[in-house]
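For reference, the structure is listed below as structure tokens.
FYI, it's all coordinate maths here, none of it is from the lab. Note that this is a predicted model, so its numbers are computed, not measured. Counting neighbours? That spans all protein chains shown, and the Cβs are built from the backbone with ideal geometry, glycine included.
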Amino acid sequence: MQWGERSWDELPADIAKAGSAAILPVGATEQHGPHLGTGMDTVLADVLCRAVAKRTHVPMLPPMPYGCSLGHSQRWPGTIALQPITLIQVIKEIGDWAYVSGVRRLFIVNTHVTNAAPLRCALEMLRADHDDMMVAVINTAMLSDRVRAVNFSDAEDWHANAAETSLMLAVAPHIARADKITVADDADRTGGLVFAHPVNRTSLNGVTGTPSKASAADGQQLFEWMVDDLAAIIEKGKLENPPLPHSYTSRATG
């Protein structure tokens, strides 16, 4: 179910069998504290969507490794950030070309919180240009109540926290630095604030939360929930049709 491993004469049948659906994972390359690799979001997007593509038989496009990470500032090396307008345009163009290949149900699976707004803008543009294309932006931290509860358990404005660290310990342990996890905790300083401040003004080390509480067992449980819950959303979406058949461009009469 890996788009990049299929040939041009195999993909049309793959897409048709999947209800004209495809999965587009979107991650980021950004600092994740002193204890996690900068590719954490992209690794999660890749591993999660691979598992879900295999279960649902929906082709998975190659992961997008860069996102809108401007809020992480230039204080810590490693972040590669796109401007929001750049991410919007890149995702729009990927969607345009996926449409040419037969995709009519595009599931954009996002593992980086501040990608959400640009991805929503890309969704709006794709719908407007392709009347018969349905697009969903699925933010993995909010997949379900149980997934959300784990992600937000140690901070409201979390980052590189217990949940993310646990996930990497379970599915990509080479991303984690075991000797630094226990001393990487940093408090959430955003409670009650009016403005959205960049991370250089809210964190001492790029972390918000308590990675010291992480464990591979917790990460495995969370990952299994994420696979189950994302697969359920995609299976439902494979069968969904618009509530009404009205064209985007035709005027209402009467």
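From the cross-link list Lys213/Lys236; Lys180/Lys213; Lys54/Lys180, which pairs have alpha carbons spaced over 23 Å apart? From the list (Lys213/Lys236; Lys180/Lys213; Lys54/Lys180), the Cα-Cα distance tops 23 Å for Lys213/Lys236; Lys54/Lys180.
For the listed peptides 1-7, 218-224, a ranking on the average number of other beta carbons within 10 Å per residue, highest first, reads 218-224, 1-7. Basic side chains Lys and Arg get +1 at the Cβ, acidic Asp and Glu get -1 at the Cβ, and with that the dipole of segment 3-239 about its Cα centre reaches some 20 debye. Put simply, the amide H of Asp185, placed in the peptide plane, has neighbours under 5 Å in Ser212, leaving out anything fewer than 5 places away on its chain. The peptide list 127-134, 16-23, 180-187, put in order of mean Cβ contacts within 10 Å with the highest first, becomes 16-23, 180-187, 127-134. Compute the distance from the alpha-carbon center of segment 137-171 to that of segment 182-223, in whole Å. One Cα centre to the other: 10 Å. When you count the other C-beta atoms within 10 angstrom of each residue and take the mean per peptide, 82-89, 204-211, 107-114 line up highest first as 107-114, 204-211, 82-89. Of all lysines in the structure, those lying under 23 Å Cα to Cα from Lys92, and not within fewer than 8 positions of it along the same chain, are Lys238. Residues Val43, Val103, ranked from the fewest to the most other C-beta atoms within 10 Å, line up as Val43, Val103.
From the Cα gyration tensor of segment 193-254, with a ≥ b ≥ c the square roots of its eigenvalues, which class applies: rounded if a/c is under 1.5, or else prolate if a/b is larger than b/c, or else oblate? Oblate is the answer for segment 193-254, as a/c is 1.5 or above yet b/c matches or exceeds a/b.
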